[in-house]
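Q: There's a structure below that I have some questions on.
Just so it is clear, none of the values below were taken in a lab; they were calculated from the coordinates. Quick caveat, the model's predicted, so the values are computed rather than measured. Cβ: placed from backbone, ideal geometry, glycine included. Neighbour counts: every protein chain shown.
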Amino acid sequence: MRLLQGNSKQSEPELYVRSFQASEKWQLSTQDGPQFAALNGDINFIHLHPILARLFGFRSNIAHGVYLVSKSIAAMQTGKQQQYPQAVCASLKRPAVLPGQFTCHWQQGIPGVAFSSEFAVCSEETGKTVLSGRYMCGKDAVAKI
């Protein structure tokens with residue numbers, strides 16, 4: 001899967017903004033980590049509190065990857081009718097340190113699939129991609145992911 005296009009000397013978000021069709025900005029707080037951990041039952045110290053995350057080498061607590069993927073899917077589905085089955089494949093690139101401002105960029109339309117998107121979540125602070133992936137839904141979704 002190729003997400004980036006253009007001159008590699010430019011910052012990644014600039015490339016995404018130019019090559020992807022849509023985006024949504026998020027302001028995430030240090031409370032988003034423990035709230036999502038309580039919701040999904042994945043109690044990992046790096047998501048719970050800045051002090052606990054520092055014990056594991058992070059400067060603050062970090063967002064859960066599944067949280068970022070679910071926010072991305074919600075952004076891409078805004079105003080669209082749900083289709084099933086759904087499939088997603090995502091790759092974490094680096095930690096999403098909280099608090100922070102992030103932007104989800106996505107490109108609609110992978111050939112041969114009714115509804116599909118490639119997406120990336122970028123940190124506004126560092127200008128780097130923290131997560132990228134592909135989302136599809138419809139009868140061919142599982143076979144093409």
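Q: Which entries in Lys25/Lys71; Lys71/Lys93; Lys93/Lys128; Lys71/Lys139 show an alpha-carbon gap greater than 19 Å?
A: The answer is Lys71/Lys139.
Q: Determine the relative contact order of the range 45-100: mean sequence separation of Cα pairs under 8 Å and six or more apart, normalised by residue count, in whole percent.
A: 34 percent
Q: In addition: Show me the ranking of peptides 49-57, 92-100 by mean Cβ neighbours inside 10 Å, starting with the highest.
A: Working: 49-57: 13.7, 92-100: 18.4.
Listed from highest to lowest mean packing, they are 92-100, 49-57.
Q: Sorted by average packing, counted as other Cβ atoms within 10 angstrom per residue and highest first, what order do 23-29, 130-136 take?
A: 130-136, 23-29
Q: Which whole-number percentage describes the relative contact order of the range 48-141, with Cα contacts under 8 Å and a sequence gap of 6 or more? If you can, show how the numbers build up before the last one.
A: Working: 167 pairs, mean separation 26.7, N = 94.
Relative contact order of the range 48-141: 28 percent.
Q: A further question on this structure: Give, rounded to the nearest 20 debye, the magnitude of the charge dipole that the range 29-145 has about its Cα centre when Lys and Arg contribute +1 at Cβ and Asp and Glu contribute -1 at Cβ.
A: The dipole of the range 29-145 has a size of about 160 debye.
Q: Based on Cβ point charges of +1 for Lys and Arg and -1 for Asp and Glu, what charge dipole magnitude is obtained for the range 83-142 about its Cα centre, in debye rounded to the nearest 20?
A: Here the size comes out at about 140 debye.
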